[in-house]
Ligand code: NI
């Protein structure tokens, strides 16, 4: 596999560069190029999630009290209605009341974003977060 790397020079305000270097060092980066590439890929990935054509992967994590009336049934119903977009569901019983469910998703960006938002917005869900990732296909043009 041939690597296709370009070297670029950019102009950036001194204080912005200092802030950037501090920011990426705190996040464990030892290499400025890797940090910039990651931010570019993340920005492009955000666009994929607006698309109805590009297939993306991601996950939604929700925390809820399983004693909440009908909630388990509602969450299961939503997942069955969208089974074609759901890769896996991991259920963790956190304590006597609360459950953590991590649902891995794959499908058109706009469709699975809406699905994740629906799960998070379901009445009784205490907290929810989505991870917006990518299949990576768009980043491999050889
Ligand atoms: Ni549980």
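Miscellaneous remarks
- The C-alpha atoms of the chain define a longest principal axis, and helix 32-48 lies at about 50 degrees to it.
- Arranged from fewest to most other beta-carbon atoms within 10 Å of their beta carbon, 85, 29 become 29, 85.
- Helix 109-121 vs. the chain, principal-axis angle (Cα, 0 to 90°, nearest 10): 50
- For region 102-131, backbone nitrogen atoms closer than 13 Å to the point 7 Å from residue 50 Cα along Cα-to-C-beta are found at 110.
- Once the C-beta distance of residue 131 and residue 29 is scaled by a Förster radius of 25 Å, the resulting FRET efficiency is 0.80 to the nearest 0.05.
- Protection proxy ranking of 56-63, 114-121 - average other beta-carbon atoms within 10 Å, highest first: 56-63, 114-121
- The peptide list 17-24, 101-108, put in order of mean Cβ contacts within 10 Å with the highest first, becomes 101-108, 17-24.
- Rounded FRET efficiency, nearest 0.05, which uses the C-beta distance separating residue 17 from residue 63 and R0 of 35 Å: 0.35
Every read-out reported here was derived from the displayed coordinates using simple, explicitly stated rules and does not represent laboratory data. As the structure is a prediction and not an experimental result, all values here were calculated from the model. Cβ atoms come from the backbone with ideal geometry, glycine included; neighbour counts cover every protein chain shown.
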